[in-house]
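Worksheet for the structure shown next.
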Amino acid sequence: MYLQIRDPRARELARKIAQRRHVSMTEVVVQALETEYRRVATQPPLATRLSEIADELAAIAKPGGQDMSKDEIDAMWGH
């Protein structure tokens, strides 16, 4: 299979890294993809992360929330 880097910026970055590491551009791309895969493989799914954030916010929020007037809402949005 053939991998072609068409984006000039990506190609230049790969070339610079390859020169500094004394490896091929293909090796640079493989290393970058392996690193990124390890990073995303260890993260919980987005739905789980969002659920955890929602739970944290719900724990801090006051029960029942707070009613806001139209003027308060306008002020919040900078109107």
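Given 37 °C and 0.692 mPa s, compute D for the chain with the Stokes-Einstein relation, Rh being the Kirkwood radius over Cα pairs; round to the nearest whole µm²/s.
Taking Rh from Cα pairs, D becomes 186 µm²/s.
If you take the beta carbon distance between residue 77 and residue 48 as r and set R0 to 30 Å, what does 1/(1 + (r/R0)^6) give as a FRET efficiency, to the nearest 0.05?
0.45
Between residue 41 and residue 3, what is the FRET efficiency for a Förster distance of 30 Å, r being their Cβ-Cβ separation, to the nearest 0.05?
Efficiency, rounded to the nearest 0.05: 0.90.
Round to the nearest 10 and give me the degree value, 0 to 90, for the angle of helix 8-21's Cα axis relative to the longest principal axis of the chain.
That works out to roughly 60 degrees.
Each value in this text was obtained by applying a stated rule to the coordinates, not by laboratory testing. All of these numbers come straight from a predicted model, not from anything done at the bench. In this analysis, Cβ positions are derived from the backbone assuming ideal geometry, glycine residues included, and neighbour counts consider all displayed protein chains.
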